[in-house]
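The structure under discussion appears below in the form of structure tokens.
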Amino acid sequence: NAGVTQTPKFQVLKTGQSMTLQCAQDMNHNSMYWYRQDPGMGLRLIYYSASEGTTDKGEVPNGYNVSRLNKREFSLRLESAAPSQTSVYFCASSEGGKGNTIYFGEGSWLTVV
Amino acid sequence: GQQLNQSPQSMFIQEGEDVSMNCTSSSIFNTWLWYKQDPGEGPVLLIALYKAGELTSNGRLTAQFGITRKDSFLNISASIPSDVGIYFCAGQLPGSGNTGKLIFGQGTTLQVKP
């Protein structure tokens, strides 16, 4: 009963390095999301994918790229990490549509030094 | 962008007390959700509300979708130490279509003293 799984759990990067956060869901959901969580800021949407083959920008997309590899997987890439991207990243999925509920992964703690 | 104002920002209460928190917005929402986040974990859905005026309970938790569709509250009765965590409200805007995008409040941090 995995739900939404994301890797890695923890990562330390140097400024300018690149990395990809991986996410997979086993609930056959149409929509997938990447959020970041910062103290006092709640959860802010980075990118989302309403269905396989589509991606759209959220509230804070700058510095990130995403790829909806298939219905199960949605990856988030930092091409050139910056200290401002130090955050906790959550992948999530949902069936989509009105009356939607979103289910979250356990989070990835990223530190950029 | 759209914002949800969640209050209070934090609460420190005695075990057994009741708790109330709320979210308000200047925008109308067609879904309200309440999540709880434990330290080191992702948010977990507590209650989902889909209609204006809807009142829903989940054990000691009760939440309501405001009549104006611009607010929601969450009540926790007879708090216990395991209620500790961060509580988030989230809303889905009309017109977000099939995306399922949510707007999140800033969170209420709850601490319970045994």
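The values are calculated or read from the model by the stated rules, or taken from the named source; none is laboratory data. Quantities reported herein were computed from a predicted structural model and do not represent experimental measurements. Every residue, glycine as well, gets a Cβ built from its backbone with ideal geometry; the counts of neighbours run over all protein chains shown. Only protein heavy atoms, including side chains, enter the accessible area calculation; ligands, DNA and RNA are left aside. Shrake-Rupley method; radii C 1.70, N 1.55, O 1.52, S 1.80 Å.
Which GluC sites (Glu not before Pro) does segment A:38-86 hold that lie in a coil by DSSP with at most 12 other beta carbons within 10 Å?
Working: sites: A:Glu52, A:Glu59, A:Glu73, A:Glu79; in loops: A:Glu52, A:Glu59, A:Glu79.
Those satisfying the criteria are A:Glu79.
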Legend entry - Other-chain or far-sequence residues with amide H under 5 Å of A:Glu59's (modelled H): A:Leu45, A:Ile46
Inset, instruction - Choose one of A:Gly16, A:Gln85, A:Asn28: the residue whose Cα lies farthest towards the positive end of the charge dipole of chain A (beta-carbon charges +1 Lys, Arg; -1 Asp, Glu; about the Cα centre). - result: A:Gly16
Legend entry - chain A: relative contact order as a whole-number percent, Cα under 8 Å and 6+ apart: 36 percent
Legend entry - Peptide A:8-14 - average C-beta neighbours from other chains (10 Å radius): 0
Legend entry - Most fluctuating residue given options B:Gly16, B:Gly40, B:Gly53, as computed from a GNM of chain B linking Cα atoms under 10 Å: B:Gly40
Legend entry - DSSP beta bridge pairing in the protein assembly as shown, given as percent antiparallel to the nearest 5: 90 percent
Inset, instruction - Filter the trypsin sites (Lys or Arg not before Pro) in segment A:52-113 to those in DSSP coil with at most 13 other Cβ atoms within 10 Å of their Cβ, and list the result. - result: A:Lys98
Inset, instruction - Give me the net charge of B:Thr62's neighbourhood, meaning all other residues with Cβ under 13 Å from the Cβ of B:Thr62; Lys, Arg count +1, Asp, Glu -1. - result: -1
Legend entry - Between B and A, accessible area buried - total, square angstrom, nearest 100, 1.4 angstrom probe: 1800 Å²
Legend entry - Per-selection Kirkwood Rh - segment A:4-113 (Cα, Å, 1 d.p.): 13.8 Å
